Amino acid sequence: MTQLEHSRASVERRIDAACRQAGRDRDSVRLIAVSKTRSEQEIRALHALGQRLFGENYVQEFVAKHDALAVLLEPPPEWHFIGAMQGNKTRAVAERAHWVHSVDRLKIAERLSAQRPAGLPPLQVCLQVDLSRESGKSGVRETELQALADATAQLPRLVLRGLMTLPAPSDDPEHQRRPFARLRELRDTLNAGGHRLDTLSMGMSDDLEAAVLEGATLIRVGTALFGPRRPQARQI
């Protein structure tokens with residue numbers, strides 16, 4: 001068994017165990033392999049093991065990998081863009097991604113909608129919610145979430161699927177669960193007001209169990225699959 005096979009099997013066991021603890025069907029949780037800074041060869045190797053969902057954080061890197069692998073991988077990966085976006089970078093994402101998890105202001109949602117090619121299915125999106133208030137973190141504030149959700153849901157080339165968050169790191173399992181529980185509460189509040197959100201994008205390598213226990217449907221795992229991330233030049 002290769003290291004990548006071992007790592008993927010280990011992550012799958014963790015998800016299985018968390019689903020059993022939560023009394024959830026394993027099929028209710030999908031694993032996104034966060035492949036930022038990883039080579040095309042590593043993505044191809046993980047794809048060969050059956051991984052189909054891949055997530056990228058930087059537009060330039062996402063475009064390069066998407067275009068290089070488009071004719072090499074069958075079935076094609078489902079690409080999730082999970083990083084912050086500048087307004088002048090939305091077109092490249094709108095033309096390539098299946099999902100965007102990081103919509104945090106109406107300008108970005110409007111540009112994604114306007115730039116989504118008519119020949120592609122509507123772009124699936126999540127609103128990123130800032131629950132930690134950490135400096136430098138993206139995300140809409142709770143007090144502004146309702147208005148952003150209402151406006152985004154009306155855009156023609158998008159489908160508003162759910163919410164995403166990046167909480168502050170913690171080693172305490174109970175502390176890890178609090179922001180995930182809050183995101184679930186926010187989703188339920190929006191649904192009570194007429195939305196039909198079915199997605200919670202939350203949980204990473206160090207806290208995926210807490211996320212599954214609180215209802216995560218998409219978890220974003222990089223280090224636990226690929227190993228420690230390699231340093232590289234800053235991207236956007």
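The values are calculated or read from the model by the stated rules, or taken from the named source; none is laboratory data. In this text the structure is predicted, and so the values were computed from the model without any measurement. All Cβ positions, glycine included, derive from the backbone under ideal geometry; neighbour counts span all protein chains shown. Accessible surface areas use protein heavy atoms only, side chains included; no ligands, DNA or RNA. Shrake-Rupley method; radii C 1.70, N 1.55, O 1.52, S 1.80 Å.
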- Task: With a cut-off of at most 14 other beta carbons within 10 Å, and DSSP calling the residue loop, which GluC sites (Glu not before Pro) in the range 116-154 qualify? Please list them.
- Result: GLU134
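Could you work out what % of the accessible surface of the chain is carbon and sulfur, using a 1.4 angstrom probe and leaving DNA, RNA and ligands out of the count? Let's see the in-between values first.
On the way: 5410 of 11220 Å².
Of the solvent-accessible surface of the chain, carbon and sulfur hold 48 percent.
Quantify how much of the Cα-Cα distance distribution of the range 1-52 extends past 17 Å, in percent.
Working: 537 of 1326 pairs.
For the range 1-52, the fraction of Cα-Cα distances above 17 Å is 40 percent.
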- Query: Based on the alpha carbon coordinates of the range 114-186, what radius of gyration and maximum Cα-Cα distance (Dmax) apply, in Å?
  - Reply: 14.6, 46
- Message: Charges at C-beta only: +1 for Lys and Arg, -1 for Asp and Glu. How large is the resulting dipole of the range 40-174 about its Cα centre, in Debye rounded to 20?
- Response: 620 debye
- Straight-line reach from LYS36: which lysines have Cα under 20 Å away, leaving out those fewer than 8 places along the same chain? LYS65, LYS89, LYS137
- Query: With point charges of +1 on the Cβ of Lys and Arg and -1 on the Cβ of Asp and Glu, referenced to the Cα centre of the chain, which listed residue (ALA22, TRP99, VAL63) lies farthest in the positive direction of the dipole?
  - Reply: VAL63
- Across 5 Å bins from the origin, how do the percents of Cα pairs in the range 14-84 run, short distances first? 3, 15, 26, 20, 13, 11, 7, 3, 0
- Query: Using the C-alpha atoms of the range 1-135, what convex hull volume per residue, in cubic angstrom, is computed?
  - Reply: 147 Å³
- Message: Per residue, how large is the accessible surface of the chain? Use a 1.4 angstrom probe and give square angstrom.
- Response: 48 Å²
- Membrane-span-like helices in the chain: DSSP H runs reaching 27 Å or more (Cα, own axis), mean Kyte hydropathy at least 0.0? none
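Sort the chain into rounded, prolate or oblate with this rule: let a ≥ b ≥ c be the square roots of the eigenvalues of the Cα gyration tensor; rounded if a/c is under 1.5, and if a/c is not under 1.5, prolate when a/b is larger than b/c, oblate otherwise.
Values: a/c = 1.55, a/b = 1.08, b/c = 1.45.
Oblate is the answer for the chain, as a/c is 1.5 or above yet b/c matches or exceeds a/b.
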- Query: How long are the three semi-axes of the equivalent ellipsoid of the range 55-145, in whole Å, if each is the root of 5 times an eigenvalue of the C-alpha gyration tensor, listed from largest down?
  - Reply: 24, 14, 11
